[in-house]
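The values are calculated or read from the model by the stated rules, or taken from the named source; none is laboratory data. For clarity, every value in this text was computed on a predicted model and none was experimentally measured. A quick note on method: Cβ atoms are made from the backbone with ideal geometry, for glycine too, and the neighbour counts reach across all protein chains shown. What goes into the accessible areas is simple: the full protein's heavy atoms, side chains included, and nothing from ligands, DNA or RNA. Shrake-Rupley method; radii C 1.70, N 1.55, O 1.52, S 1.80 Å.
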Amino acid sequence: MTQSTDENVIWLTQDAYDRLKAELDHLTGTVRAELAKRIGEARDEGDLRENGGYHAAKEEQGKVEAQIRKLQDMLRRARVGATPADDGIVEPGMKVTIRFEGDDDTETFVLGSRELLSLDSSVDLEVYSPESPLGRAISGKRKGDQATYSAPNGRNVTVEIVDAVPFG
């Protein structure tokens with residue numbers, strides 16, 4: 001088993017972890033059983049070369065198995081933390097609003113894992129890893145604090161924390 005680096009960690013709240021685990025259990029139980037039954041019934045119909053139901057079920061089975069592997073990998077790499085307190089301190093699981101120095105516009109994003117957002121498709125926010133340069137710089141900061149980090153282009157970038165509230 002390989003040891004996970006912080007870049008491979010998926011930051012999830014307990015609620016998000018539980019929802020992913022429930023989806024995995026559903027896919028590996030009910031959905032797999034239903035697909036196996038459909039494939040078996042279609043196979044019993046005879047010639048598989050022209051059996052649309054068989055091929056459709058096999059294609060769906062491939063997609064389900066890919067989703068199962070993805071969920072298993074995500075859960076294996078998950079680092080579960082409690083939903084952060086609504087104390088204004090930036091940490092994984094927070095929806096953070098920042099303002100770049102010299103700019104009046106703000107940017108709002110979630111500090112955590114993309115998988116946290118994949119559970120709710122109605123949310124249209126970017127996600128930054130706590131291990132990213134920006135994530136590291138703002139972690140532990142409060143509303144009104146400033147943080148400076150080195151951007152990929154080598155420039156130092158300063159941001160002000162405008163707001164930090166628990167995501168969800």
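Points to keep in mind about this one:
- Bridge orientation summary for the stretch 17-144: considering DSSP beta bridges with both residues in this region, about 70 percent are antiparallel.
- If you sort the three axes of the alpha carbon gyration tensor as a ≥ b ≥ c, you get a/c of 1.5 or more for the stretch 123-162 and a/b no higher than b/c, which makes it oblate.
- Taken about its Cα centre, the chain carries a charge dipole of roughly 560 debye when the Cβ of each Lys and Arg holds +1 and the Cβ of each Asp and Glu holds -1.
- In plain terms, the C-alpha convex hull of the chain casts an average shadow of 13.5 nm² when viewed from every direction.
- Acute angle (nearest 10 degrees) that the helix 52-77 long axis makes with the longest principal axis of the chain, alpha-carbon atoms: 30 degrees
- Scoring 30-38, 133-141 by mean Cβ neighbours within 10 Å over their residues and listing the highest first yields 133-141, 30-38.
- Percent RCO, i.e. relative contact order, over the chain, from Cα pairs under 8 Å lying at least 6 residues apart: 25 percent
- Of all accessible heavy-atom area on the stretch 11-168, the percent that carbon and sulfur account for (1.4 Å): 44 percent
- Burial ranking of peptide ranges 18-24, 145-151 (average Cβ count within 10 Å, highest at the top): 18-24, 145-151
- In the full protein context, the stretch 20-101 carries 60 Å² of accessible surface per residue, based on a 1.4 Å probe and ignoring ligands, DNA and RNA.
- Highest-first packing order for the peptide set 88-101, 59-72 is 88-101, 59-72, based on the mean count of other beta carbon atoms within 10 Å.
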